[in-house]
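Have a look at the structure below, then the notes.
The values are calculated or read from the model by the stated rules, or taken from the named source; none is laboratory data. Since we're looking at a predicted model, the values are computed, not measured. Every residue, glycine as well, gets a Cβ built from its backbone with ideal geometry; the counts of neighbours run over all protein chains shown.
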Number of protein chains: 2
Amino acid sequence: MIGPATYFRPEHRAGLDDRTRTLIDRREAVLSPGYRLFYAHPLEFVRGSGTSLYTRDGTEYLDAYNNVPSVGHAHPRVTAAIAEQAAQLNTHTRYLHEGLIDYAELLLGSFDDTLDTLTLVCTGSEANDLALRVAKHATGNRGVIVTENAYHGVTTEIAAISPSLGGIDSLAEWVRTVRPPVGDGTEMVADARAAIAALQAAGHGVAAFIVDTAFASDGFIAPSPETATALAEVARLVRAAGGVIIADEVQPGFGRLGRRAGAPGLWGYRHHDMTPDLVTIGKPMANGFPVAGLVARRELMQQFGEHVRYFNTFAGTPVSVAAARATWEVLHDEQLPEHAATVGDELRGMLVELAARHDRVHAVRGAGLYLGVDIVDPATGEPDSAAAVSLVGALRERRILISASGRDNAALKVRPPLPFSRADAERLTTELDGALSDLA
Amino acid sequence: MIGPATYFRPEHRAGLDDRTRTLIDRREAVLSPGYRLFYAHPLEFVRGSGTSLYTRDGTEYLDAYNNVPSVGHAHPRVTAAIAEQAAQLNTHTRYLHEGLIDYAELLLGSFDDTLDTLTLVCTGSEANDLALRVAKHATGNRGVIVTENAYHGVTTEIAAISPSLGGIDSLAEWVRTVRPPVGDGTEMVADARAAIAALQAAGHGVAAFIVDTAFASDGFIAPSPETATALAEVARLVRAAGGVIIADEVQPGFGRLGRRAGAPGLWGYRHHDMTPDLVTIGKPMANGFPVAGLVARRELMQQFGEHVRYFNTFAGTPVSVAAARATWEVLHDEQLPEHAATVGDELRGMLVELAARHDRVHAVRGAGLYLGVDIVDPATGEPDSAAAVSLVGALRERRILISASGRDNAALKVRPPLPFSRADAERLTTELDGALSDLA
C-alpha cells in the first residue's frame, strides 16, 4: 500500500529535534521492529478536529490521507455516544441488547435485499478471514482468486491472499491472481478464465473471487460501464465454477466513493453494478473504534452457523455498536456521501487542471474522495516512485498529509476524512502545485 | 468452551415474555444464525456496575462469569479515560503518540526481561494468529502442538489449532495434541514426545507449543510443582526440536490467577515457572475495549519485522491505549490481583465446604478468581453435564451468572470481574447450595 521510502529510516535520525528523537528511541526500545513511522521527519499529533491534525506546538496539518476518522477527527457526536454507553454497560452478544439489533437493521437496509445477514467482528482482517472461511465451507472448494496487487489484511490466511504484502511468492498455493479491470476489461476476464482452469487443474476448485471495489492497491480504478461488464463476466465464470463473490468494502464502503441523487449508494460494489454474495466492511465504520463486519446472503451463514462455532468476544458490544451507530447517523445527517461526490468532483477538476500544467502529473483517477494522482518521469512517461515519494515529503513540510500508493508506489493517494471542504481541496491543490514546481 | 445446552434454543421460545421474544425475533432476522444467546430464558442487560448487571426493570444479577470487564463493569476511570482521549485524537501508530510508548514501557515492566518487545493487535485471535506466524517464520517449521481440548481463537489459522471448537477432525494436518498436565504430568510429557516425533515424521517439523496457562478449556488446572516440571520438560523437548513456546495469557493474564507477596505476578506462565518465547494477551486488557497484544523476545520480532509487513489499523490507537492504561492503573491502584488471591482462596474454601455436603460436587479446581467446580452423577461418580447445565440455569433464576465448561461441559465455570467481594462469594455459595439441594 505505502512504499517503504515514505517511512522514517535510521539514517533520518540525525536531522530530528530532540523530542522526536527521544520518542523514537523509546518507541523502538519497546515496540516490534515491524512498526513503521510515516515520513523522514515523523509527526507527533496530540489533537484532531474535522480534517485538521495538530502537533504539540499547535501547528495545524490538513489531513488528506486518513479514511478511518471518516466523519472527521474526534467528532463530538461519536465521542459522546461512546462515553455515554461506556458509562452504562459493555458486555457481549450472548446477552440481548437492543442497540445491536437497531444498528444491524439500519445497516442492512443499505444493502441489496439478498444481503440480509450481519456478523460483526473487530477488524477488516477478521472480516475477510471470516468471509473466506464461509466461502470455503459453503463451496467445499479451496481456491481463491484475487487481483494482482490486492491487499485484504494481515491474518495468516488473509496475508496469503494479499500479493501487495509480499509479492506473488508469498501467496498460498491455492491462490491465483487476475489483472484489475483496466481498459475494456478483457484482460481481467481472460485472466479469470485461466485462474479458474488452473485452480481446477490443481484440485483446489474455486471457493471465491474477492475484490476491493476501489482497487486501491491496484491503482484506484473508478467504476465505469467497462468495469461493470468485466466484473459481471468474472462473477459469472466464478459462479459457474462453484465459487462465490466477495466484495471487500473495507476501503471504499460507507460513502467514500460518493453518492449522487438516483445513483448507487454507500457501497463500491453498487457503483460497479455487482451483486456479491458476501461483503466485508470496516475501517470508517465507527470512526476509529475497532468495528468491522461481514454482510452475507443468509443461506451461506445458515450452513456455516450450523457447523462452525464462531464467537468474537469484543465484536458487537454495546459500546462498539454505539460508536458505529453514531458514525452512521453523522454520515447521513451531515450528508457526507453526497458531499464526497460533490467535493470529490471539484478536487478532481482542480487536479486535472494541475496535470495540464505539470508534465510530471500523468493522470487523475478514482471516485468521490478516493483519488490517485499518477506521477511520471517527464522524460520517459514511466511511473516515477522517487518523485511521488519526494512529493509526499514536500507536502508534509507544507502541512498537508497524503501518501503514495499503487503498484509502482508512484500514485499520490488522496483519501481524506469525508468533511474535506472545497477550501481544503484548494489548499491541497495549491500546495501540490508548489511542490511540483519545486521538484521540476 | 460453553456447552450447547446453556444456550437459548427455538423450543424455549414459548415460555418467554413478549419483549424478550420480540427482541429475539428481530435479532434472528438480521444476525447470522451462528449467534447464540445464553440461557433458555435469555437476559437483556442495560446497566452494569462493579460485579452487578441490571435488567430494564432494575433487577440486579451477580456477575460471576464475565472476565472481560475485569476491573468491574463500566468502571468510571476507564470510561473517563476513553471519553477524554476520544475527544482529543484517535489516529494510528504511524504517527508518534507518547501514550502508546508510556503504556508499552509500563506493560513490559511486568514481564521477564527477555520478553521485551510488544505488538498491539485488537483481539486475542489476532494475537495468537500473529504469534503462530512469527513462530513459523522464525523456526522455518510448520508443526504446532496444543492441549487436547485447547481453544485459542477464531481466525482460519487459529480455529485449525483449537480442538475445543470442532474436535480432533477439525485440526489442520500440521497440528498434534497433548493431554494437559494432570497428576504427575508424565502423560503430557509422553504425548509431547510422540507429537514431536509425528510432526517430524510428517515433514512439518515443530514450530511451536502453544498453551493456555489456565488450561481453561481443558478443565482449569491450577499451577503446582507438577505442572511446572511437566511444562519445563515439554518446553525442553520442543526447543530441542527447533520450536518455540507460546504462552496464551488471554484468559489467565492480568492477575486473574491472583498475586501474593513474594510470589509470581500477573501472568499465568510465571505461576508454572515457565519461560515462554512469545506471550499473547487480550480479554481483560482494556476492560472491554478491543485491545490485545503479543509480547515477544526481540530477536523473533526482528527477523519477522524485516521480512513481513504487518500493520494493524485499529491497534495501538490513542483511545485504545488510553483504555488499556486506565485499566492497568485501576488494576494496580485497587490491588485487584492481590484481592483475587485473597477472595479466591475464600471462595474456594466455601465451595470446598459445599462439596463436603453435596455428593454432586466432586472437586473444586483453579486458582485466584478462575475456578472450576466439577459436577458428577452421584450414582456413578462420572462427569454430569446435564446436571451442570441445569445448575447454570437454576443460578440464573437465582440472579447469579456463571457458566459450564471443561471437556465434558460438566464443570461450573466461576470467573467473575476481579472486584468480586467476600459478600459476593457468600451469595454465590448460598445460591449454589440452594440450587444443589433443589436438584438432588
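Among A:A292, A:A315, A:A296, which is the only one that is in contact (Cβ under 8 Å) with a residue 12 or more places away in the chain, facing another protein chain (nearest Cβ under 10 Å) and farther than 23 Å from A:L89 by Cα?
A:A296
Any residue at all in the range A:299-312 that is more than 8 Å from every other protein chain (Cβ to nearest Cβ), of a type outside the set (A, V, I, L, M), in contact with a helix residue (DSSP H, G or I) (Cβ under 8 Å, 6 or more places away or on another chain) and more than 19 Å from A:A127 (Cα to Cα)?
No: the range A:299-312 contains no residue that is more than 8 Å from every other protein chain (Cβ to nearest Cβ), of a type outside the set (A, V, I, L, M), in contact with a helix residue (DSSP H, G or I) (Cβ under 8 Å, 6 or more places away or on another chain) and more than 19 Å from A:A127 (Cα to Cα).
Can you confirm whether the range A:225-237 contains a residue that is out of contact with any helix residue (DSSP H, G or I) (no Cβ under 6 Å at 6 or more places or on another chain), surrounded by fewer than 24 Cβ atoms within 10 Å (Cβ to Cβ) and part of a loop (DSSP other than H, G, I, E, B)?
No, there is no match, as no residue in the range A:225-237 is out of contact with any helix residue (DSSP H, G or I) (no Cβ under 6 Å at 6 or more places or on another chain), surrounded by fewer than 24 Cβ atoms within 10 Å (Cβ to Cβ) and part of a loop (DSSP other than H, G, I, E, B).
Looking only at residues in the range A:100-111 that are hydrophobic (A, V, I, L, M, F, W, C) and within 8 Å of chain B (Cβ to nearest Cβ), which one is nearest to A:L266 (Cα to Cα)? Quick ask: steps written out before the conclusion?
Within the range A:100-111, the first condition is being hydrophobic (A, V, I, L, M, F, W, C), and the residues that meet it are A:100-101, A:104, A:106-108, A:111.
Then drop every residue that is not within 8 Å of chain B (Cβ to nearest Cβ), which leaves A:100-101, A:104, A:108.
Values: A:L100: 20, A:I101: 20, A:A104: 15, A:L108: 12 Å.
Across the range A:100-111, the extreme among qualifying residues is A:L108.
Yes or no, residue by residue, for (1) among the small types (G, A, S); (2) in contact with a Lys or Arg (Cβ under 8 Å, 6 or more places away or on another chain):
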site	(1), (2)
B:Q85	no, no
B:L115	no, yes
B:A127	yes, no
B:A138	yes, no
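Identify, from the list B:D408, B:D359, the residue that is acidic (D, E), touching a helix residue (DSSP H, G or I) at 6+ places or on another chain (Cβ under 8 Å) and more than 27 Å from B:A292 (Cα to Cα).
Matching residue, one of B:D408, B:D359: B:D408.
Which residue, of A:T156, A:T177, A:T147, A:T91, is within 7 Å of another protein chain (Cβ to nearest Cβ) and within 21 Å of the chain's Cα centre (by Cα)? Can you show your working first?
On the way: A:T177 fails: within 7 Å of another protein chain (Cβ to nearest Cβ); A:T147 fails: within 7 Å of another protein chain (Cβ to nearest Cβ); A:T91 fails: within 21 Å of the chain's Cα centre (by Cα).
Testing whether each residue is within 7 Å of another protein chain (Cβ to nearest Cβ) and within 21 Å of the chain's Cα centre (by Cα) leaves just A:T156.
Looking for something surrounded by 16 or more Cβ atoms within 10 Å (Cβ to Cβ), in contact with a Lys or Arg (Cβ under 6 Å, 6 or more places away or on another chain) and within 10 Å of chain A (Cβ to nearest Cβ) - is there at least one such residue anywhere in the range B:3-17?
Checking the range B:3-17: at least one residue is surrounded by 16 or more Cβ atoms within 10 Å (Cβ to Cβ), in contact with a Lys or Arg (Cβ under 6 Å, 6 or more places away or on another chain) and within 10 Å of chain A (Cβ to nearest Cβ).
Can you go through A:T139, A:T114, A:T123 and tell me which one is of a type in the set (S, T, N, Q) and facing chain B (nearest Cβ under 9 Å)?
Sole residue among the options that is of a type in the set (S, T, N, Q) and facing chain B (nearest Cβ under 9 Å): A:T123.
Could you check the range B:63-122 and list, in sequence order, the residues that are of a type in the set (D, E) and in contact with a Ser or Thr (Cβ under 8 Å, 6 or more places away or on another chain)?
B:D63, B:D112
Of the numbered conditions (1) free of Cβ contacts under 8 Å to residues at least 12 places away in the same chain; (2) under 23 Å from the mean Cα position of the chain (by Cα), A:A201 satisfies every one except a single condition; which is it?
Among (1) free of Cβ contacts under 8 Å to residues at least 12 places away in the same chain; (2) under 23 Å from the mean Cα position of the chain (by Cα), A:A201 violates only (2).
Before we move on, is B:A86 crowded, with 22+ Cβ neighbours inside 10 Å, in contact (Cβ under 8 Å) with a residue 40 or more places away in the chain and either more than 7 Å from chain A (Cβ to nearest Cβ) or farther than 30 Å from B:A423 by Cβ (or both)?
yes
Could you list, in sequence order, the residues of the range A:268-287 that are touching a helix residue (DSSP H, G or I) at 6+ places or on another chain (Cβ under 7 Å) and not β-branched (V, I, T)?
Correct list: A:H272, A:D273, A:M274, A:P276, A:D277, A:L278, A:G282, A:K283, A:M285, A:A286, A:N287.
Report yes if B:A81 is more than 9 Å from chain A (Cβ to nearest Cβ) and either in a helix (DSSP H, G or I) or at positive phi (or both), otherwise no.
Considered against the rule, which asks whether it is more than 9 Å from chain A (Cβ to nearest Cβ) and either in a helix (DSSP H, G or I) or at positive phi (or both), B:A81 comes out as yes.
How do the pairs read when you match residues in the range A:34-61 that are facing chain B (nearest Cβ under 7 Å) and within 30 Å of B:L300 (Cα to Cα) with residues anywhere that are in a loop (DSSP other than H, G, I, E, B) and hydrophobic (A, V, I, L, M, F, W, C), using Cβ under 6 Å and keeping only pairs 6 or more apart or on different chains?
A:L37/A:F8; A:P42/A:F8
Taking A:H97, is it within 11 Å of chain B (Cβ to nearest Cβ), in contact with a Pro (Cβ under 6 Å, 6 or more places away or on another chain) and modelled with pLDDT of 95 or more?
yes
Only one of A:I168, A:I158 is surrounded by 21 or more Cβ atoms within 10 Å (Cβ to Cβ) and either out of contact with any helix residue (DSSP H, G or I) (no Cβ under 8 Å at 6 or more places or on another chain) or not assigned by TED's automatic domain parsing to the domain that holds A:G344 (or both); which?
A:I158
Among (1) touching a helix residue (DSSP H, G or I) at 6+ places or on another chain (Cβ under 7 Å); (2) surrounded by fewer than 24 Cβ atoms within 10 Å (Cβ to Cβ); (3) not in a loop (DSSP other than H, G, I, E, B), where does B:G242 come up short?
Every listed condition holds for B:G242 apart from (3).
Let me spell it out: the conditions are (1) within 14 Å of another protein chain (Cβ to nearest Cβ); (2) without any contact (Cβ under 8 Å) to a residue 12 or more places away in the chain; (3) among the charged types (D, E, K, R), and A:R239 meets all of them except one. Which number is the exception?
(1)
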